[in-house]
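**Q** Okay, here's the structure, questions in a sec.
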Amino acid sequence: MRLQIILSALCAVGVQSQLNFGGSSETTTTTPQPSVDTRGGLLADVIGQNPIGEGNNQAGGRQTRGDHCCCVSTSQRCPVPSNGDGSGGIDPRLNLNQTRSRRQAEALEDFEIGTRIVNNPPSEELESSCPRNTRSCCYATRSELSSVDSFCRAYPGQTNEIWRQPCNEGRYVTNGPYTGNQCGERFPRDVATEGAEAKPYEMPWTCLVLKANNDFVGSCAIVPDNRENNIASGTDRVITAAHKLKNVQGPDLLKVRIIEYDASGFQQGVESEQHREFTVSTIRVHPNYDSKRLNHDVAILFLEQRISLTGRNNRNVNAACLPQCSNMFSHRYNNGTGVRCWVAGWGKDSVDGNFNFIQNKVDVPLVDFNTCDNAMRRALQNAGQNARNFRLSRSEVCAGGQAEKDACDGDGGAPLVCQAKTGRWYVVGLVTWGVGCGKKGVPGVYANVHNMLDFIVSPRNSRG
């Protein structure tokens, strides 16, 4: 039976701008089995700039030692880094001694934000993962790699192989430069970032679900309200993982925050626009959602006011396009890997980690259905579960499987987006669950957006 909750209007939209990632109103999640983790944080460090992952994966030799790598021309020597601090990590983003204000210090007294993002794939994977005619140059720290970034041609895992897209992108998505009038377009700010930090407004379709007191519930994706990907009139909805709403009761007031980057507060000079918030009026959970198995793990949050998405005044927010066929990004490269897609959010770096205030991103390859089905069954069995009868649902899609690159915990509902041939970005999945985090050969499981597209674009007044 479809679950529909009508929420009353939210009188004061923003009691405070800073998010509360914990506290007495913490939202818990449902796990399918004791060893299965609902997902959401990010494991990554320095990641590639091309999410499609092109090439034949023939590599040159590794030149220097370290786990922070990029690819340079085979005719070029590895550039010498500058300003390397030798620490192997970034300084804490926020802590009690170096907070931006007394108010933030008081709000953070129960937890401290330190280095969140890690990306330490085994060295042997880095040895042979640069595109043809390039070789890897590896450094001891992220800051060393950042200092030579302008000399890098690619990052490990990228290729130049042409990939096939089996369907068009929708009536209202066309080729050509970004105009700000189509879904899947973005206009990130060109500011310096560290590690796996996203640039401000690089993922303008990623949003947050909050309670009235700014308690963090989960992440969400802004999507068109129609199959044709027409955003001329904006949208009245976002989608999230249904399991994130387990503890939401009828009287609870929910809101959706958009245009967020640094959740600790507006940072002048880094962010160019304050976030906006929208009151949720109706929650509609997929009728086939199973809170124990976590299949069909999608919910629509209908908003009291529509989100405007076009025009120069809305360049920092957009909807991710909706996929037009089930195999839109199913291409497999000659090296056996899938199309690389991206997740961004504020989640944890491990099951027991801490949340981020700065939005972070990670790239993960799509994994075909049968491979993922077998991998998840093995992972569950290795975790001590009787998984002989486990079968992946068609309402699920998988991505990942690379060591120490994953979405981990706490940020379920974050969109998994892939870039199509026109350059526009499509939401393929929503973060849902996984076994462990960042394990080689064990993908993460995401809600399959195309499989549930009829539900996602259902009319606001629909009863089915």
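**Q** Return the total of residues in the stretch 296-316 being in contact with a Phe, Trp or Tyr (Cβ under 8 Å, 6 or more places away or on another chain) and either free of Cβ contacts under 8 Å to residues at least 60 places away in the same chain or of a type in the set (S, T, N, Q) (or both).
**A** 2
Every residue, every condition in (1) under 17 Å from THR371 (Cα atoms); (2) in a strand (DSSP E or B), yes or no:
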| residue | (1), (2) |
| --- | --- |
| THR422 | no, no |
| VAL428 | no, yes |
| CYS437 | no, no |
| GLY444 | yes, yes |
| LEU453 | no, no |
| SER462 | no, no |
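**Q** Kindly provide the set of residues from the stretch 296-313 that are crowded, with 18+ Cβ neighbours inside 10 Å and either assigned to a strand (DSSP E or B) or not charged (D, E, K, R) (or both), ordered by number.
**A** Within the stretch 296-313, HIS296, VAL298, ALA299, ILE300, LEU301, PHE302, LEU303, ILE307, LEU309, THR310 qualify.
**Q** Additional query: Any chance the stretch 149-167 includes a residue that's under 28 Å from ASN334 (Cβ atoms), at pLDDT 75 or above, part of a strand (DSSP E or B) and not charged (D, E, K, R)?
**A** no
**Q** I've got another one for you. Condition first: within 18 Å of MET203 (Cβ to Cβ) and of a type in the set (Val, Ile, Thr). Now tell me which residues in the stretch 257-306 satisfy that.
**A** Within the stretch 257-306, ILE258, ILE259, VAL270 qualify.
**Q** Same structure, new question: Restricting attention to the stretch 382-431, which residues are free of Cβ contacts under 8 Å to residues at least 60 places away in the same chain, in contact with an Asp or Glu (Cβ under 7 Å, 6 or more places away or on another chain) and of a type in the set (Gly, Ala, Ser)?
**A** Residue satisfying the conditions is GLY400 alone.
**Q** Of all residues in the stretch 230-242 being touching a strand residue (DSSP E or B) at 6+ places or on another chain (Cβ under 6 Å) and buried (at least 24 other Cβ atoms within 10 Å of the Cβ), which is farthest from GLU396 (Cα to Cα)?
**A** The extreme case among them is ARG237.
**Q** Could you check how many residues of the stretch 438-455 are buried (at least 24 other Cβ atoms within 10 Å of the Cβ), hydrophobic (A, V, I, L, M, F, W, C) and either within 14 Å of ASN226 (Cα to Cα) or modelled with pLDDT under 90 (or both)?
**A** Here the count works out to 1.
**Q** Among the listed residues ASP409, ASP352, ASP363, ASP373, identify the single one that is modelled with pLDDT under 90, more than 25 Å from ARG284 (Cβ to Cβ) and not in a loop (DSSP other than H, G, I, E, B).
**A** ASP363
Okay, residues lined up against (1) aromatic (Phe, Trp, Tyr); (2) not in a loop (DSSP other than H, G, I, E, B):
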| site | (1), (2) |
| --- | --- |
| VAL173 | no, no |
| GLY176 | no, no |
| THR179 | no, no |
| GLN182 | no, no |
| PRO188 | no, no |
| GLU194 | no, no |
| TYR201 | yes, no |
| VAL209 | no, yes |
| VAL217 | no, yes |
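**Q** If you don't mind, there's one more thing I want to ask. Quick check on my filter: what residues within the stretch 221-245 are assigned to a loop (DSSP other than H, G, I, E, B) and either free of Cβ contacts under 8 Å to residues at least 12 places away in the same chain or among the charged types (D, E, K, R) (or both)?
**A** If the condition is that a residue be assigned to a loop (DSSP other than H, G, I, E, B) and either free of Cβ contacts under 8 Å to residues at least 12 places away in the same chain or among the charged types (D, E, K, R) (or both), then ASP225, ARG227, GLU228 are the ones that fit.
**Q** Quick test for you: out of ARG293, ARG284, pick the one residue that is among the charged types (D, E, K, R), under 22 Å from MET452 (Cβ atoms), in contact (Cβ under 8 Å) with a residue 24 or more places away in the chain and not in a loop (DSSP other than H, G, I, E, B).
**A** ARG284
**Q** For the stretch 389-427, which residues satisfy the criterion of being under 13 Å from the mean Cα position of the chain (by Cα) and among the basic types (Lys, Arg)?
**A** Listed by number, the list holds a single entry, LYS405.
**Q** Right, next: What are the residues in the stretch 255-281 that are touching a His at 6+ places or on another chain (Cβ under 7 Å), under 16 Å from ASP215 (Cα atoms) and among the hydrophobic types (A, V, I, L, M, F, W, C), if any?
**A** ILE258
**Q** Evaluate the stretch 185-197: report whether one residue or more is under 30 Å from PRO459 (Cβ atoms), surrounded by 16 or more Cβ atoms within 10 Å (Cβ to Cβ) and either touching a residue at least 24 places away in the same chain (Cβ under 8 Å) or not polar (S, T, N, Q) (or both).
**A** Among the residues of the stretch 185-197, at least one is under 30 Å from PRO459 (Cβ atoms), surrounded by 16 or more Cβ atoms within 10 Å (Cβ to Cβ) and either touching a residue at least 24 places away in the same chain (Cβ under 8 Å) or not polar (S, T, N, Q) (or both), which makes the answer yes.
**Q** Taking ASP252 as meeting all but one of (1) out of contact with any His (no Cβ under 9 Å at 6 or more places or on another chain); (2) modelled with pLDDT of 90 or more; (3) surrounded by fewer than 21 Cβ atoms within 10 Å (Cβ to Cβ); (4) farther than 21 Å from GLY184 by Cβ, write down the number of the exception.
**A** If we test ASP252 against (1) out of contact with any His (no Cβ under 9 Å at 6 or more places or on another chain); (2) modelled with pLDDT of 90 or more; (3) surrounded by fewer than 21 Cβ atoms within 10 Å (Cβ to Cβ); (4) farther than 21 Å from GLY184 by Cβ, just (2) comes out false.
The values are calculated or read from the model by the stated rules, or taken from the named source; none is laboratory data. Just so we're clear, the structure is a prediction, and the values are computed from it rather than from any experiment. Heads up, the Cβs are rebuilt from the backbone with ideal geometry, glycines too, and the neighbour counts pull from every protein chain shown.
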